[in-house]
1. Based on a Kirkwood Rh over C-alpha pairs, give the Stokes-Einstein translational diffusion coefficient of region 16-74 at 37 °C and viscosity 0.692 mPa s in µm²/s.
2. Enter the accessible area per residue of region 65-121 (Å², integer; probe 1.4 Å; all protein chains in place).
3. State log₁₀ I(q)/I(0) for region 101-181 at q = 0.25 Å⁻¹ as given by the Debye formula over alpha-carbon point scatterers of equal weight, solvent excluded.
4. Checking understanding here: applying a Kyte-Doolittle mean of at least -0.5 and a length along the axis of at least 20 Å (C-alpha), which whole DSSP H helices in the chain pass?
5. Can you pull a Stokes-Einstein diffusion coefficient for region 1-103 at 20 °C (1.002 mPa s), Rh from Kirkwood over Cα pairs, as a whole number of µm²/s?
6. Quick check on the chain: helices-only [θ] at 222 nm, where DSSP H runs of length 4 and up contribute -39,500 (n - 2.57) each and the sum goes over total residues. Nearest 500, please.
7. Give the share of C-alpha pairs in each 5 angstrom bin for region 93-140, from 0 to the last occupied bin, in whole percents, shortest bins first.
8. Can you give the extra length, in nm with one decimal, that the chain gains between Ile75 and Ser188 once fully stretched, where that is 0.36 nm per residue apart less the Cα-Cα distance?
Amino acid sequence: MLEYISIIITAIFVNNIVFAQFLGICPFIGVSRKLSSAIGMGAAVTFVMLLATTITWLLQDLVLTPFGLGFMQTIVFILVIAALVQMLEIILKKIAPALYSALGVFLPLITTNCAVLGVAIEVTRKGYNLGESVVYALAIAVGFTMAIAIFAGIREQLQLANVPKAMKGVPIALICAGLLALAFMGFSGIKIG
């Protein structure tokens, strides 16, 4: 039990996918102008990350490793993630049109989110079992959602602030992202167990 708590706290705070591992930066910057968009992207990433990590872990454990095809890992994982997002998009369009329209553009964007691929590769590199992999993927997704939501809140507040003209838009956003990354470095001293 302590091992799972350690995985969760480490994944969310200490090794945050955005602030410590610098993965998923494109949606972090691109979809963080509004808090509602950020939460939508976080929810979509959470769902896809959980499914992708589970499927890729099973493929790695049952197909790639036993047959000596480890060199195909990245290609197979990318294909699985792309196919998963496409299937999810088709299924949601048929079964839950309201949810499909709510997620809108977020689903296709997840295909290019390197955080999803990064987590799938990371769980195999760390040697996690299936349960630990799912917990890790969920915690990483929560950390991603938290990071993008905090950043979106800051960006919404920046629209009301008196920012110098030369710093408006992307420059001040990048400075704030750097400051958030520095703040999250404060969690690096946390030791569990």
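The values are calculated or read from the model by the stated rules, or taken from the named source; none is laboratory data. Computed from a prediction, not measured in an experiment: that's the story for all the values here. Virtual Cβ from ideal backbone geometry, glycine too; neighbours counted across all protein chains shown. Only protein heavy atoms, including side chains, enter the accessible area calculation; ligands, DNA and RNA are left aside. Shrake-Rupley method; radii C 1.70, N 1.55, O 1.52, S 1.80 Å.
1. Numbers: Rh = 13.5 Å.
For these conditions, the coefficient is 244 µm²/s.
2. Numbers: 3270 Å² over 57 residues.
Roughly 57 Å² per residue, with all protein chains present.
3. The computed values of log10 I(q)/I(0) come out as -1.17.
4. Helices meeting the criterion: 35-59, 73-95, 130-158, 170-185.
5. Working: Rh = 15.9 Å.
Reported coefficient: 135 µm²/s.
6. On the way: 9 runs with 133 residues, N = 193.
Helices in the chain give a 222 nm mean residue ellipticity of -22500 deg cm²/dmol.
7. So the P(r) values, bin by bin, are 5, 19, 20, 15, 15, 15, 9, 2.
8. On the way: separation 113, 0.36 × 113 = 40.68 nm, distance 3.22 nm.
Net length gain for the segment: 37.5 nm.
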